[in-house]
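Down below is the structure, laid out as structure tokens.
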Amino acid sequence: MGDQPISVAGYFHSHAGFLAAARAAVADKHQPQAFTPYPVHGLDAILGIKRSLIGRPVLGIILIGFCIGLHMTWYTMSQSWPLNVGGKPYFAWQTFMVVSLETGLLFGALANFVLAAHFCRLFPAPFTRLPNPRMSDDTFTLVLPVRLAADSELLSAWLSGHGAAEVEVFPAAAAASAPEHAPEPVEAAHG
Amino acid sequence: MRDPMPTEGGLPALTAQQITTDITKTLFRLPSKEWHAAFTLAQALAALLFISVACYVVEGYGIFGTNQPVNWGNDITTYIFWIGIAVAGTLVSAILFLFRQRWRTAVNRSTESMTVIAIQIAGLFPLIHTGRPWVDFWLMPYPNDRHLWPNFKSAIVWDVFALTAYALTSMIFWYFGLIPDFATIRDRSKHPVHRAVYSVLALGWRGGAGDWQHYERAYAQFAWIATPLVLGMHSTIAILAAIGKVPGWHTTIFAPYFVSGAIYGGLGMALVFLIPMRSLLGLKQYITIDHLERLAKIMLGCGLMVCYVYISEYFAAWYSNSPYERGQYLFRMHGNYAWAFWTMMTCNMGIIQLLWFRAVRRSLIGLMLVGIAVNVGMWFERFVIIALSLMHDHMPSAWDNAYVFTGFDWMILVGSFGVFLTLLMAFSRIIPMVSIAELKADLLAPGHDQAPHAGNGEGHGHG
């Protein structure tokens, strides 16, 4: 069971060849996952990845931050310790706009980072190793999940036939013993 | 890569691997003796700031030259100078990004780094200026044992919030842009310590197609958030002065004046360090003369706005019919600090006009000299606005109370440049000074216009 292949990765050195292979993999219903060293525009459309919705919660948090800033100025300046400055109203909302806006935007920036880290599955991982170090340099990777053990050879041949310069088969044992070595093929197999 | 970009001028085509190698090569090499010598010199200059601060903590604020009525002197002048340097970095990283200026890719990492360093230096000065820096946390609203809050009706407290929000956002934005590049370095590291450090910094980045989707969206959102923050932050500083009834400050034009001046001065600083940096780090083919020329053009545009404001200020002073306003501007021209005013005018209104000439814009020495002049001019601009305005306020009996720099003022000013140089040189050893992933996406993606302005044959233009 431990040696049963769970996914096959094809490494492409050609941008155009990689996109063509991704398109073919989707057409052949291989449910591919793709990894690229830099953003490849058009790839998300090929793979059917929906537009990121990270903007909506961030906008919500900016508004919450703004309200917190406004509430803080209202509470401190007119409730907790009303301060008479030149006879002006205790709660002069116009003067509190700068602090409220800055608080809102700061909340938004922090939330943007935290949410992006969550959606991109980021966390300090000192032992992260990609199966191929060139994946973050000049190599485009297409990972195809293996449903039946016998399929791994077929999928390897399919990837080679579509221009993959190298093909690598990931057994379940390797992934289970060191998941950080091949994190994506595991996910591809299960998902 | 088998399908590299075509290039002009017969240069070999760039590949992704070559881009990575070129940009990261200095990270994996021991620095040269010259680098060590320069770094030691920068640290020695930086030490001046820390010695000055240490003396100030022991002796008190009296060691500086500030007096009555010039109670904002070198520290606030230098504070606004460094804030201005930071603003230009955000212009390149966020505002030009929103305007889809792809050429910014070559310079955005280095200017963002400049922002991160400059904002930290700038933040030191108001903390020093408070007089008792060990209780600076009183500026923050927290439920203290005296049940007191900061006065949110004060523009000083607005500035605390504006600066804090801007500084934190700039640093997060800068780090966020670095994550994919840290992953690239992680995967190229041979030394286990290097690999472990960059692995932590890369946060386990893998570059999945879905990850890039979220990443690019979040990056654009950072640009959207940083833009109002930076404009608001410098406008808040401008309002802080403009609401004061000091002749020379009390003017509604201050917010756009400060923002355009900040971008102007900051781009000058960017040119001053980009020109040697591209040679020292071997990045000439990525940061080309075309990029520097575009920065120079923006600098010229901002410089013209600054010239317009100078003229407009004089017109407003004359038109106001206020003897104090008129007196202030006459004092600037003819008073005992007239040399500071004329230095400012020479650098900011005179020397900048050289950038109308293409030959100057495409000359490294010319750009370097103009950049230095702009920095000198912009420091003196802040000095003229702050110190000279206070020297000649509404109280004629105080007019003779001259403001003179002490040795500690000089140390803290020169030391701030030392800190800037030290951190910049340190950054250049640990982070890629050109964004690897963004550059590859820009240069290597099929269908991108790949070399529209590499006409000089010096490097690979992109934009």
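The values are calculated or read from the model by the stated rules, or taken from the named source; none is laboratory data. Since the model is a prediction, treat every value here as computed from it, not as a measurement. FYI the Cβ positions are ideal-geometry reconstructions off the backbone, even for glycines, and counts take in every protein chain you see. All accessible areas refer to the heavy atoms of the entire protein, side chains included, with ligands and DNA or RNA removed. Shrake-Rupley method; radii C 1.70, N 1.55, O 1.52, S 1.80 Å.
Rolling a 1.4 Å probe over the protein chains gives A:Cys67 an accessible area of about 80 Å².
For chain A, modelled as a GNM whose springs connect Cα atoms under 10 angstrom apart, the maximal fluctuation among A:Leu47, A:Leu144, A:Leu70 occurs at A:Leu70. The residue list A:Ala164, A:Gly55, A:Phe123 was ranked by how far each Cα lies along the charge dipole of chain A toward its positive end, using unit charges on Cβ atoms, and A:Gly55 comes out on top.
The B:Met349 and A:Asn132 beta-carbon pair, evaluated with R₀ = 60 Å, returns a calculated FRET efficiency of approximately 0.55. Of the residues in the range A:95-123, those shielded by at least 50 Å² of accessible area once partner protein chains are present, compared with the chain alone at a 1.4 Å probe, are A:Thr95, A:Val98, A:Val99, A:Glu102, A:Leu105, A:Leu106, A:Ala109, A:Asn112, A:Phe113, A:Cys120, A:Arg121, A:Leu122. Ignoring lysines fewer than eight residues from B:Lys284 along the same chain, the ones with Cα atoms less than 29 angstrom from its Cα are B:Lys25, B:Lys33, B:Lys190, B:Lys297, B:Lys440.
Taking both sides together, the accessible area buried where B meets A is about 5800 Å² for a 1.4 Å probe.
Distance between the modelled labels on B:Ala54 and B:Tyr142, one decimal in nanometres: 2.7 nm (7 Å Cα→Cβ projection).
Excluding ligands, DNA and RNA, the accessible surface per residue across the range B:44-135 is 31 Å² with a 1.4 Å probe. Which residues belonging to the range A:34-48 lose at least 30 Å² of 1.4 Å-probe accessible area when the assembly is complete, relative to their chain isolated? At a threshold of 30 Å² (probe 1.4 Å), the residues of the range A:34-48 that become less exposed are A:Phe35, A:Thr36, A:Tyr38, A:Pro39, A:His41, A:Asp44.
Report, to the nearest 10°, how far helix B:192-202 tilts away from the longest principal axis of the Cα atoms in chain B, using its own Cα long axis and a range of 0 to 90°. Long axis of B:192-202 versus the principal axis of chain B: about 70 degrees. Nearest 10 degrees, 0 to 90: what angle lies between the long axis of helix B:289-320 and the longest principal axis of chain B (Cα atoms)? Roughly 20 degrees between the two axes. Surface calculation, 1.4 Å probe, protein heavy atoms: B:Tyr314 sits at approximately 60 Å² accessible. In this calculation the C-beta distance from B:Ser154 to B:Leu30 is compared with R0 = 56 Å, giving a FRET efficiency of 0.65.
Note on chain B: helix-only mean residue ellipticity at 222 nm, from DSSP H runs of 4+ residues weighted -39500 (n - 2.57) and normalised by residue number, equals -21500 deg cm²/dmol. Cross-link partners of B:Lys153 among lysines, defined as those whose alpha carbon lies under 26 angstrom from its own and excluding same-chain residues fewer than eight positions apart: A:Lys88, B:Lys245.
What share of Cα pairs, in percent, lie more than 28 angstrom apart in the range A:1-139? In whole percent, the long-distance tail amounts to 49.
Applying both filters, DSSP loop and at most 14 other Cβ atoms within 10 Å, to the trypsin sites (Lys or Arg not before Pro) of the range A:83-172 gives A:Arg147. The order of B:Trp339, B:Trp174, A:Trp81, B:Trp149 by accessible area, most exposed first and with a 1.4 Å probe, is B:Trp339, A:Trp81, B:Trp149, B:Trp174.
Heavy-atom accessible area with a 1.4 Å probe sorts A:Arg23, B:Arg188, B:Arg278, largest first, into A:Arg23, B:Arg188, B:Arg278.
Multiplying the residue separation of A:Ala20 and A:Leu59 by 0.36 nm and removing their Cα-Cα distance gives an extension gain of 10.4 nm. Entry note, chain B: relative contact order of 31 percent, from Cα contacts under 8 Å with a spacing of 6+ residues. What a 1.4 Å probe finds exposed on the protein assembly as shown is 68% carbon and sulfur by accessible area, rounded to a whole percent. The accessible-area loss of the range B:185-223 on complex formation, taken against its chain alone with a 1.4 Å probe, reaches 50 Å² or more at B:Asp187, B:Leu203, B:Arg206, B:Ala209, B:Asp211, B:Trp212, B:Gln213, B:His214, B:Glu216, B:Arg217, B:Gln221. With every protein chain in place and a 1.4 angstrom probe, the accessible-area ranking of B:Asp187, A:Asp137, largest first, reads B:Asp187, A:Asp137. Which of B:Ile117, B:Ile179, B:Asn151 sits closest to the plus end of the dipole of the protein assembly as shown, meaning its Cα is farthest towards the positive end, when Lys and Arg get +1 and Asp and Glu get -1 on the C-beta? Farthest along the dipole direction, towards plus: B:Asn151. Prolate is the label for chain B, because a/c, from the alpha-carbon gyration tensor with a ≥ b ≥ c as root eigenvalues, is 1.5 or above and a/b exceeds b/c. With the simple model of a label 7 Å out from the Cα in the direction of the Cβ, A:Ala45 to B:Arg326 spans 6.7 nm. Taking a straight line from the alpha carbon of A:Lys29, these lysines sit under 23 Å away, with near neighbours fewer than eight places off in the same chain left out: A:Lys50. Where only DSSP H runs of four or more residues are counted, chain A gives -14000 deg cm²/dmol as its mean residue ellipticity at 222 nm, each run worth -39500 (n - 2.57). The length gained on full extension between B:Ile372 and B:Phe39, counted as 0.36 nm times the residue separation minus their Cα-Cα distance, comes to 117.8 nm.
You can think of it this way: the chain between B:Phe315 and B:His394 has 26.4 nm of extra reach, that is 0.36 nm per residue less the Cα-Cα gap. Here r is the Cβ-Cβ distance between A:Ala27 and B:Ala196 and R0 is 41 Å; the resulting FRET efficiency, rounded to 0.05, is 0.45.
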